[in-house]
1. Considering only segment 81-92, state which residues are buried (at least 16 other Cβ atoms within 10 Å of the Cβ), under 30 Å from A213 (Cα atoms) and either more than 19 Å from the chain's Cα centre (by Cα) or hydrophobic (A, V, I, L, M, F, W, C) (or both).
2. Pull up segment 1-19, narrow it to residues that are of a type outside the set (G, A, S) and modelled with pLDDT of 95 or more, then point me to the one that is surrounded by the most Cβ atoms within 10 Å (Cβ to Cβ).
3. Considering only helices (runs of 4 or more DSSP H) fully contained in segment 147-227, which possess at least 2 residues that are at pLDDT 95 or above and crowded, with 20+ Cβ neighbours inside 10 Å?
4. Taking A99 as the residue in question, decide whether it is of a type in the set (A, V, I, L, M, F, W, C), in contact (Cβ under 8 Å) with a residue 12 or more places away in the chain and buried (at least 21 other Cβ atoms within 10 Å of the Cβ).
5. Only one of these conditions is not met by A50: (1) among the hydrophobic types (A, V, I, L, M, F, W, C); (2) surrounded by 23 or more Cβ atoms within 10 Å (Cβ to Cβ); (3) at pLDDT below 95. Which number is it?
6. Could you list all residues from segment 115-146 that are surrounded by fewer than 19 Cβ atoms within 10 Å (Cβ to Cβ) and assigned to a helix (DSSP H, G or I)?
7. Within the set of pairs 6 or more residues apart or between chains, which connect a residue that is closer than 21 Å to R149 by Cα inside segment 32-61 to a residue that is part of a loop (DSSP other than H, G, I, E, B) and of a type in the set (F, W, Y) with Cβ atoms less than 6 Å apart?
8. In segment 141-162, how many residues are closer than 30 Å to E192 by Cα and small (G, A, S)?
Amino acid sequence: MSCYGPGVNYFGHASVAGWYHTGAALGGVALGAMLPDFANMIGARVPAPADPEVAAGVALHHRTDAAFHLLPIFVGLGRELGARLAAAGCGRGPARATAHIGVELLLDGVIVDDPDARAAYAAGVAHQATALGWHEPGDAERFALLRARLVHHGVPDDLRSPESVAARLLRAIGHRPLLRPSADDAAIIRRELAGFARRVAVAAPGLLAALRATLDGTPTPEDRSGT
C-alpha cells in the first residue's frame, strides 16, 4: 500500500522495538523494525542488512505484522470500520484499504504520545547504519533522502489528528487504480475516520497488550477461551 505496508506502520514498529531493546542497541533494532516500510516508501525491495541489530529489527518487523494481522481486536476493528464505510456509500476498493490502513494509522495516533515510543522512533531514524544491503542502484540514495526528511520532520505528531490520518491514507492509496477513491469516497473516508478515532483509542490498550502477549508467546484471553 504505497507508503504503508500491511500490518503495523513504521512508527508502531519502532514502538514495538522499544518494548524489547534499550540503550545502544535500540537505534539499530528500531531502524530495522521500520526498514521494510521505508523500503516500500522508496519503491525498493526489503534490504538484507549485515548489521546484526538492524537485521534483528527486520525480523521483528515481520513477526509483528504476522501477529498483528491475526489479533481478534484488530480484525474486529477493521470489519467495523469497513462496514461503516460501506454503509456510507464508499466504494469497495477504497473502503477495504481504509478499513485496514485506517485502523493502523489511528492506532499510531494513540501511541505517538507514549514517551518510550517517541524515543524509539527518534533513535531509529537517527541511527547511522552502514551496509544495509539495498538491492538496486539508487536505493541507498533514495533512502538517504527519505531518512533526512524523517529526521527533519521529527516524531509524526500530526497522526494525532484524524484529518491528517485521512490525508496520509488518501496519498497512500491514491495512485492505485483499484483503491483510488473518488471525491465522494474521499469525503466519506475523512468523515468516518474522524468518527472512528475514539473507537480505536478505547481499543488501543487491549490491542497493544494482545500484540505484546502474542509476541512474548503468552496465551491471550482469546487463546485461553478457545475462540
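The values are calculated or read from the model by the stated rules, or taken from the named source; none is laboratory data. Keep in mind the model is a prediction, meaning the values are calculated, not measured. Neighbour counts run over all protein chains shown; Cβ positions are idealised from the backbone, glycine included.
1. Correct list: L81, R84.
2. The residue in question is H13.
3. 162-173, 183-216
4. The answer is yes for A99.
5. Condition not satisfied by A50: (2).
6. Scanning segment 115-146 gives P115, D116, A119, A122, A126, D139, A140, E141, R142, A144, L145, L146.
7. P47/W134
8. 2
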